[in-house]
Amino acid sequence: MGVALFDTSTPLTPLWPELMERLTAVMDAGRYILGPEVKAFEREFADYLGVAHAVGVANGTDALTIALRAAGVGEGDEVIVPSFTFYASAEAIVPTGATPVFCDVDADTANVSLETVRAALTPRSKAVIAVDLFGNPAPVAEIRENTGLIVVEDAAQAAGALADGRRAGSMGTVSTFSFFPSKNLPCFGDGGAIVTDDEQIAELARILRFHGSRDKATFEQVGYNSRLDELQAALLRVLLPHLDTWTEGRRAAADHYESCGLRELVALPAQTSGIEPAWHLYVVRHPHADHLAAELARAGVEARGYYRRPVHRQPAMARWGAGIELPATEELAATNLAIPMSPVLSGEQAREVTEAVGAALASVSPA
């Protein structure tokens, strides 16, 4: 029957009447920018995460740039960032005037570690972007406690994850989210948020998202036009109460893969003590990942390699990435493969995927 890499529609189907009702209510009210829905979502999202402040912005990339600036990062500073991540994690540093410094990741978790961050430290290091890659939280608290750096937790892929009982996005000096439609907590377009316990960071983020102004008359900063849309906030308020249920569904899907024997065929994602991932993506590893992807496609199973060209080797990052050696990053970039994952992935679908993986690997020629 085929299995899609993402199933974004099935979990939302029962919610369509409520979603349409909320959209209609916003349109009837006629307020679309920084209205009551954004304010309410910011409060509800902060409460869910257990933080003091949430600031809605236009997308996850703006969230990173504004978070860095609000935390005091600017010209002359260096920001440590992993290269095995989506391009935006590094791209967002450059508009602040700071310099991206690429670090390696842990070979097992694919996340930054205290060791990989320390290896990239210089006297100009001001901050680190710790990405909760694929929904698996990075050791944010450990890095924050042992480096003295501003830690920006990029939790774009990790809504719903837990680390030692704390929610992903609650552990950084400041943290950021994306609500892109394929994310664990999606909206119906672009959207993002900055979250923090620091009142000064939150206040400056609010100013920066609105052209550097508090009142639309006096402009204190050169800021951005980056507000979470009122319509998107209304939709997110409907979806947020379902996030934990969807996260449990993702964890159940990972358990299905274990039960089907997938571990005997490929390396499964590492899960460290105290971590409960949200599995935005379920990324396995195999030396013949591209062959495996091609064979799975023939069997009707969607799969995709992520970050085949790491960020430090992207053309736009050449001035900062040239000559850097990041062995774990290069290995992960070549061998990773995301296979189907969703809150509603069934045991039957997991078995279909596992059987397709076995058949694909049977066609690999011996070395």
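For (1) free of Cβ contacts under 8 Å to residues at least 60 places away in the same chain; (2) not small (G, A, S), each residue gets a yes or a no:
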residue: D77; (1), (2): yes, yes
residue: F102; (1), (2): no, yes
residue: A130; (1), (2): yes, no
residue: L133; (1), (2): yes, yes
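Here is a check on your reading of the model: is E153 surrounded by fewer than 24 Cβ atoms within 10 Å (Cβ to Cβ) and not assigned by TED's automatic domain parsing to the domain that holds V283?
The answer is no for E153.
Residue-by-condition table, conditions (1) surrounded by 13 or more Cβ atoms within 10 Å (Cβ to Cβ); (2) among the β-branched types (V, I, T); (3) assigned by TED's automatic domain parsing to the domain that holds K183:
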residue	(1), (2), (3)
W16	no, no, yes
L19	yes, no, yes
V26	yes, yes, yes
G30	no, no, yes
G35	yes, no, yes
V38	yes, yes, yes
E42	yes, no, yes
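List the helices (runs of 4 or more DSSP H) inside the stretch 161-260, counting only whole elements, that have at least 2 residues being touching a helix residue (DSSP H, G or I) at 6+ places or on another chain (Cβ under 8 Å) and under 21 Å from I129 (Cα atoms).
199-209
Sort through G172, G223 and tell me the only one that's touching a His at 6+ places or on another chain (Cβ under 8 Å), in the same structural domain as A58 (by TED's automatic domain parsing) and more than 30 Å from D28 (Cβ to Cβ).
Among G172, G223, only G223 is touching a His at 6+ places or on another chain (Cβ under 8 Å), in the same structural domain as A58 (by TED's automatic domain parsing) and more than 30 Å from D28 (Cβ to Cβ).
Pick out the one residue from D229, D164, D198 that is buried (at least 22 other Cβ atoms within 10 Å of the Cβ) and touching a residue at least 12 places away in the same chain (Cβ under 8 Å).
Residue meeting the stated conditions: D229.
Within the stretch 68-88, is there a residue that is basic (K, R) and in contact with a Gly (Cβ under 8 Å, 6 or more places away or on another chain)?
Looking for residues that are basic (K, R) and in contact with a Gly (Cβ under 8 Å, 6 or more places away or on another chain), one finds none in the stretch 68-88, hence no.
Yes or no: the stretch 317-325 includes at least one residue that is within 22 Å of R251 (Cβ to Cβ) and touching a Phe, Trp or Tyr at 6+ places or on another chain (Cβ under 9 Å).
So far as the stretch 317-325 goes, no, none of its residues is within 22 Å of R251 (Cβ to Cβ) and touching a Phe, Trp or Tyr at 6+ places or on another chain (Cβ under 9 Å).
Just name the residue that is nearest to the chain's Cα centre (by Cα) out of those in the stretch 266-284 that are crowded, with 18+ Cβ neighbours inside 10 Å and farther than 20 Å from A168 by Cβ.
V284
The values are calculated or read from the model by the stated rules, or taken from the named source; none is laboratory data. Please read these numbers as outputs of a predicted model, since none were measured by experiment. Virtual Cβ from ideal backbone geometry, glycine too; neighbours counted across all protein chains shown.
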